[in-house]
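One structure below.
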Amino acid sequence: MVSLYVDNLLFTGNDELMFAEFKNSMKHEFDMIDLGKIMYFLGLEVLQKLGGIIISQRKYVEEMLQRFGMNQSNSVQTPIVPGLKLCKDEGRTKVEKTYFIQIVGCLMYLTATHPDMLFVVSLVSRYMENPTQLHLQLAKRVLRYLQGTMEYGILYKG
């Protein structure tokens, strides 16, 4: 299996000989450095253990919380208040659109390792055109949820 993104190349396989031949042919063709076993790739932290592979984004969450000034916030148990009703409500206070879109974009990227946030991120992303204070509060609640769950990830058993 080969994954390529700009100048980041990741490859793996279960045939040692084919793996070594592929690596040598790539080194011959391109100027590349073998960094060994993957530990970090495109914002994803990869921990390989005997029981499987754990993929998380703890470092990305920490950087995001710092970026949006939420690194000292108290965590919450759920990403959304049960029963919360959102609407476009034109009468509410508008918030800066670019800031809101940046938060939502980061949250979307985090759903790769936090499927527990998929519903709320999908919900809040509906309001990127005209975000209000209520929509921003919900996005920030998700950030507070991440404050307490940044160690979470996905385990692929093998």
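A few comments on the model shown:
- Pairs with Cβ under 6 Å, 6+ apart, first in the range 9-20 and assigned by TED's automatic domain parsing to the domain that holds M39, second surrounded by fewer than 13 Cβ atoms within 10 Å (Cβ to Cβ): L10/S3; F11/V2; T12/M1
- When the residues of the range 64-113 are filtered to those that are outside any loop (DSSP other than H, G, I, E, B) and among the aromatic types (F, W, Y), the one that is surrounded by the most Cβ atoms within 10 Å (Cβ to Cβ) is F100.
- Any chance G51 is surrounded by fewer than 12 Cβ atoms within 10 Å (Cβ to Cβ), touching a residue at least 60 places away in the same chain (Cβ under 8 Å) and either more than 30 Å from T132 (Cα to Cα) or out of contact with any Ser or Thr (no Cβ under 9 Å at 6 or more places or on another chain) (or both): yes
- Unmet requirement for Y152, which otherwise passes all of (1) out of contact with any strand residue (DSSP E or B) (no Cβ under 9 Å at 6 or more places or on another chain); (2) closer than 23 Å to L44 by Cβ; (3) crowded, with 16+ Cβ neighbours inside 10 Å; (4) among the hydroxyl-bearing types (S, T, Y): (1)
The values are calculated or read from the model by the stated rules, or taken from the named source; none is laboratory data. Quantities reported herein were computed from a predicted structural model and do not represent experimental measurements. Don't worry about glycine lacking a Cβ; one is built from the backbone with ideal geometry, like all the others, and counts go over all protein chains shown.
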